[in-house]
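Structure, as structure tokens:
The values are calculated or read from the model by the stated rules, or taken from the named source; none is laboratory data. Not measured: the values here are computed from a predicted model. Note: ideal-geometry Cβ built from the backbone for every residue, glycine included; neighbour counts use all protein chains shown. What goes into the accessible areas is simple: the full protein's heavy atoms, side chains included, and nothing from ligands, DNA or RNA. Shrake-Rupley method; radii C 1.70, N 1.55, O 1.52, S 1.80 Å.
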Amino acid sequence: MRNVRWSTLRSALADRYAELGGRIVCDRSVEEAGPGCVEFVDAAGASHKEDGFDVVVGADGLHSKFRGWLVNDGGPRDAGRTIWRAIIPFADESLLPRDACSMSAGAGKVGFLTDVGENCLYWSAFATDEALAASTVVRGDDVKAYLLEEFAEVAALGPVIRATPAESILERRVADRKPLVDKKGAPAIPWARKRRWWTRRPLAGGTTTLLGDAMHAMIPSLGQGANSSFEGAYRLAAAIRDADGDYEKALRAYEQAQIARVAAIVDASARQGRMVYEDKDEFMRAQGEAQDSMWGVRFEDLV
């Protein structure tokens, strides 16, 4: 199995979007948004207001401003783990066969390697807060030296860490977002409710929605974050195509369908993310079962 490098996919999508006549503007951050309009601020501090949109989609990731405006549910849920990761040239097939991936683990620590094409290899190292608290390794300024010592018991990580420039190693907390469901597990879209006079949110549903991690960020244990986002993009595009001018109704239908699909994946990803440190055999069994239940979805052409 080969994974696709995100930067490669992003570049392909941007190229295709431009071919279709789309306009891409970079180096701006979102400051405010309202029905059919968005206000940006550029690197120089100048404001730029864009309006006249039929639909506004907040696809601004784990720390989404749009989610804050629409849901107001605080920040991401911290999973109690840290991840270090990088992409390096795939120079040694003794570490991993082509088109393959591997996982190894120690006490509270996990290493993952996968072929991402273009002669590149992705590696990641996860550790629980408990494992790091119990560790006797003293962290200094040299991240490579620290990781080599901290993950010495995790097979295969040593060679890839040594082959990685220190400045290329990314460190992040592992986190997800609470699924937008009610106590029975049914989709519950806060911004779909009627706006009340006491609501001060600049957005309250209407023709605004969320997409991807902004709507359903998940732990990466099942590798379904990007896949779920692409499914959502398809459902959103189909809803807009068939809206017949009623974009608000179309967006609410998209949100219901997407949350109904991904809420269980978010929960399964969180369970798998914990289980890999507790019971490796059960993790592998549940991993295959979960993936079998998610894969095989077919979509008709949009055009």
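Things worth noting here:
- Residue match in the range 262-272 (condition: over 21 Å from the mean Cα position of the chain (by Cα) and open to solvent by 40 Å² or more (accessible area, probe 1.4 Å)): no
- For the range 1-23, residues that are aliphatic (A, V, I, L, M) and more than 21 Å from the chain's Cα centre (by Cα) total 2.
- Of the criteria (1) open to solvent by 10 Å² or more (accessible area, probe 1.4 Å); (2) assigned to a strand (DSSP E or B); (3) of a type in the set (A, V, I, L, M), which one LEU121 fails: (1)
- Look at the range 237-251: where a residue is in contact (Cβ under 8 Å) with a residue 40 or more places away in the chain and among the β-branched types (Val, Ile, Thr) and a partner is open to solvent by less than 100 Å² (accessible area, probe 1.4 Å) and assigned to a loop (DSSP other than H, G, I, E, B), sitting 6+ places away or on another chain with Cβ atoms under 7 Å, you get ILE240/VAL55.
- First in the range 179-197 and among the small types (Gly, Ala, Ser) and open to solvent by 40 Å² or more (accessible area, probe 1.4 Å), second anywhere and at pLDDT below 95 and assigned to a loop (DSSP other than H, G, I, E, B), Cβ under 6 Å, 6 or more apart: ALA192/GLY205
- Meets criteria (farther than 30 Å from VAL160 by Cα, among the acidic types (Asp, Glu), crowded, with 16+ Cβ neighbours inside 10 Å and modelled with pLDDT of 95 or more) for ASP60: yes
- Exactly one residue among GLY245, GLY223, GLY232 is modelled with pLDDT of 90 or more and under 22 Å from MET294 (Cβ atoms), and that residue is GLY232.
- Subset of the range 93-136 (residues that are more than 17 Å from VAL174 (Cα to Cα) and acidic (Asp, Glu)): GLU93, ASP99, ASP115, GLU118
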